[in-house]
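Take a look at the structure set out below.
The values are calculated or read from the model by the stated rules, or taken from the named source; none is laboratory data. As the structure is a prediction and not an experimental result, all values here were calculated from the model. Reconstructed Cβ throughout: ideal geometry from the backbone, glycine too, with neighbour counts over all protein chains shown.
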Amino acid sequence: MSIFDASGHEQVVFCHDPESGLRAIIAIYSTALGPALGGTRFYPYANEAEALTDVLHLSEGMAYKNAIAGLDHGGGKAVIWGDPASAKSEALLRAYGRFVESLGGRYVTACDVGTYVEDMDHVARETRHVTGRSPEAGGAGDSSILTAYGVFQAMRAAARHRWGSDSLAGRTVGVAGLGKVGRHLLPHLTEAGADIVATDVSAPARAWASEHFPKVRQADDTDEMIAAGLHIYAPCAMGGALNERSLKLMDTEIVCGAANNQLAEPGVAAELDRAGILYCPDYVVNSGGVIQVADEYDGAFDFERAKRRTTGIFGTTARILERAEAEGATPEAAAEVIAEERMASVGRLQRIRLFD
């Protein structure tokens, strides 16, 4: 892969500390709206190419997510290559923090798959440019709580667009993935009166759901769940859930979930549209978490303020779906245009030089 030709990234940094075992890549897609903000994913990739591909896609998605969420942040992401269960250590995380600090604020990191608030506390001992820390360290804590709340708001907006009512009562919602976000989504859906089907590759996650939400039906796997007839399918695990194969199995009216990079190939959005499936762009749906960590980074964190901003995902999703319908475009294309318009119009203000 040619990094320069990949997708217009401003900067890609490879970080290596042999003593701690750190092998990380930081990708900055854009700083047009401000410092690039995006989480750190700790994952046992099959090889370097897979890690690079993931960080490039994720950082680009963060630029669009932050723009459409109305944040004064560009898009960036980092991946640490390794198994967090065995490779993670204080020394590794602090080494990573020093690499983040070396970028001088161009990139602000936070939690993602495989990293948690306590990890960000370690990173924060080496850099100021970190958010998503624990409350004990002065941070906002678990951002997946507002991520799940934002997913729920997007679902309501999609339901209103498709069925004329934002109520989910009696609607069958399939949740694939009961990790950080999926488990926080279940109480919102339960309170809304939805009929929930869930699945997860992790036996402990399934056991947790059985204990805390005994009325949730569990499917053996995602294939079984998406073929069984859903009103809403919520991918909440890893990316690439929407592909040529899954599309052939899918029996649902709406796709609205928290996973990043759900579209495995660019043409899948059009295929969903042709199949009559309403797709809510993932970087719009799951932006509650970044709204929270941005609130923390910008000053004293206020949960209620961040929640109010996250509630706005309802209106943003509705606006995208309405624009897509009016223009005969896919929701993905409509969302991209809205984000690019903001990056261009607000980003140009950086050309107005300020002097101390």
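Do you know which of the residues in region 256-289 that are touching a helix residue (DSSP H, G or I) at 6+ places or on another chain (Cβ under 6 Å) and assigned to a helix (DSSP H, G or I) is nearest to SER144 (Cα to Cα)?
Out of the qualifying residues, it is GLY289.
Anything in region 100-121 that is more than 20 Å from ILE145 (Cβ to Cβ), surrounded by fewer than 22 Cβ atoms within 10 Å (Cβ to Cβ) and not aliphatic (A, V, I, L, M)? List them, or say none.
GLU101, SER102, GLY104, GLY105, ARG106
Tally the residues that are free of Cβ contacts under 8 Å to residues at least 60 places away in the same chain and surrounded by 23 or more Cβ atoms within 10 Å (Cβ to Cβ), restricting the search to region 131-159.
1
Any idea which of ARG162, ARG171 is at pLDDT 95 or above, in contact with a strand residue (DSSP E or B) (Cβ under 9 Å, 6 or more places away or on another chain), closer than 22 Å to TYR279 by Cβ and buried (at least 19 other Cβ atoms within 10 Å of the Cβ)? Spell out the reasoning first.
Details: ARG162 fails: buried (at least 19 other Cβ atoms within 10 Å of the Cβ).
The match here is ARG171.
Can you tell me which residue within region 313-356, out of those that are small (Gly, Ala, Ser) and assigned to a loop (DSSP other than H, G, I, E, B), is surrounded by the fewest Cβ atoms within 10 Å (Cβ to Cβ)? Break it down into steps so the answer makes sense when it comes.
From region 313-356, those small (Gly, Ala, Ser) are 315, 318, 324, 326, 328-329, 333-335, 339, 344-345, 347; that's our starting set.
So of that shortlist, the ones also assigned to a loop (DSSP other than H, G, I, E, B) come out as 328-329.
Numbers: GLY328: 8, ALA329: 18.
Here the residue is GLY328.
Residues checked against (1) within 20 Å of ALA259 (Cβ to Cβ); (2) assigned by TED's automatic domain parsing to the domain that holds ALA334; (3) surrounded by fewer than 23 Cβ atoms within 10 Å (Cβ to Cβ); (4) not aromatic (Phe, Trp, Tyr):
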residue	(1), (2), (3), (4)
ASP17	no, no, yes, yes
ARG23	no, no, yes, yes
THR31	no, no, yes, yes
PRO35	no, no, yes, yes
GLY38	yes, no, no, yes
ARG41	yes, no, no, yes
THR53	yes, no, yes, yes
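Take GLY257 and decide whether it is in the same structural domain as GLY164 (by TED's automatic domain parsing) and more than 23 Å from the chain's Cα centre (by Cα). Steps first, answer last, please.
On the way: in the same structural domain as GLY164 (by TED's automatic domain parsing): yes; more than 23 Å from the chain's Cα centre (by Cα): no.
Here the answer is no, as GLY257 does not meet what is asked.
Only residues that are in a loop (DSSP other than H, G, I, E, B) and modelled with pLDDT of 95 or more: list them for region 116-127, please.
Filtering region 116-127 for residues in a loop (DSSP other than H, G, I, E, B) gives 116, 124-127.
Residues satisfying the conditions are ALA124, ARG125, GLU126, THR127.
Could you please tell me which pairs satisfy a Cβ distance under 6 Å, a separation of 6+ or placement on different chains, a first residue in region 85-112 that is in a helix (DSSP H, G or I), and a second residue that is β-branched (Val, Ile, Thr)?
If the second residue must be β-branched (Val, Ile, Thr), the pairs left are LEU93/VAL123; GLY97/VAL123; GLY97/THR127; VAL100/THR109; VAL100/THR127; GLU101/THR127.
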